[in-house]
Amino acid sequence: MKQTIMIVDDDKEIAELMRDYLEDEQFEVVEAYNAVQAIEAIERSQVDCILLDVMMPGQSGLDLCRQIRKTQDTPILFLSARGDDMDKIRGLSLGSDDYIVKSATPEEVVARIKAVLRRYGRQDKKTKLELDFGRLILDVMAHEVRIDGVPVSMTPKEFDILCLFAEYPRQVFTYEQLLQRFWEGIGDKHSVTVHIGRIREKIEEDPKKPVYIANVWGVGYRFEGGTR
């Protein structure tokens, strides 16, 4: 069964160009030219991934991402003419899975969509169905995180990153290792730090004094299991 990619971009030439490349790779494609059309398409169709323009008339892509994340964890890749670090950080902090500058070739965009879908669909064999760290519980099969018994919303990438840490307590993962595993080596340190920050906001009592995911300064991160 073909996977469906939704392109949300008010520039119809870009949308049509990406449609051609995605259809050549055997994807189904749904197009929307503004936020209203995008929400309508999501409600009537099963969408596997969203390629979302940041700057659109009316509701921006950033606002639309925020709205989608309230109810869905569908992978979202921002497509933007702006490549500033602060723009990337803002996009990633809203829950997107990747941020692509429009100077990227269509082939690169397709490759990064495929990478996100591989990560999202990967079903690694786990020896434990639940990882229990006291107030933090990861239900692997249900793809659910609970804090003090209350489910916490996580994007697919956030969940996968947290699972990796939780499965290997006290092991240090470098920025480079995390970029390679979760971003196919594409991106920079900001991608990692923003996602770790979002995870901490959701699982730590005080994100500024984390007890689960610790910094290993100049190297990367280590999962402490809440025991520090």
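The values are calculated or read from the model by the stated rules, or taken from the named source; none is laboratory data. Note that the structure is a prediction, hence the values are computed from the model and not measured. Heads up, the Cβs are rebuilt from the backbone with ideal geometry, glycines too, and the neighbour counts pull from every protein chain shown. In case anyone asks, the SASA skips ligands and DNA or RNA and just uses the protein heavy atoms, side chains included. Shrake-Rupley method; radii C 1.70, N 1.55, O 1.52, S 1.80 Å.
If you check Leu64, Leu52, which single one turns out to be touching a Gly at 6+ places or on another chain (Cβ under 6 Å) and either open to solvent by less than 10 Å² (accessible area, probe 1.4 Å) or β-branched (Val, Ile, Thr) (or both)?
Just one listed residue meets the conditions, Leu52.
I need the full set of residues from segment 160-184 which are open to solvent by 20 Å² or more (accessible area, probe 1.4 Å), aromatic (Phe, Trp, Tyr) and assigned to a helix (DSSP H, G or I), in order please.
Tyr175
Output the number of residues of segment 73-97 satisfying the condition of being without any contact (Cβ under 8 Å) to a residue 40 or more places away in the chain and exposed (fewer than 15 other Cβ atoms within 10 Å of the Cβ).
5
Under the condition of being touching a Pro at 6+ places or on another chain (Cβ under 9 Å) and closer than 26 Å to Val152 by Cα, which residue from segment 31-49 is most open to solvent (accessible area, probe 1.4 Å)?
Filtering first and then ranking leaves Asp48.
Each row is one residue, and each column tells you yes or no for (1) open to solvent by 20 Å² or more (accessible area, probe 1.4 Å); (2) under 23 Å from Ile5 (Cβ atoms); (3) in a loop (DSSP other than H, G, I, E, B).
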residue	(1), (2), (3)
Leu138	no, no, no
Ala142	yes, no, yes
Glu158	no, yes, no
Ile186	yes, yes, yes
Thr193	yes, no, no
Arg200	yes, no, no
Pro207	yes, no, yes
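Does Ile100 satisfy the criteria of being crowded, with 17+ Cβ neighbours inside 10 Å, among the β-branched types (Val, Ile, Thr), in contact with a Phe, Trp or Tyr (Cβ under 7 Å, 6 or more places away or on another chain) and closer than 25 Å to Leu178 by Cβ?
So Ile100 fits the description; yes.
For the structure I just gave you, tell me whether Glu176 is in contact with a His (Cβ under 7 Å, 6 or more places away or on another chain) and either modelled with pLDDT of 90 or more or among the charged types (D, E, K, R) (or both).
Considered against the rule, which asks whether it is in contact with a His (Cβ under 7 Å, 6 or more places away or on another chain) and either modelled with pLDDT of 90 or more or among the charged types (D, E, K, R) (or both), Glu176 comes out as no.
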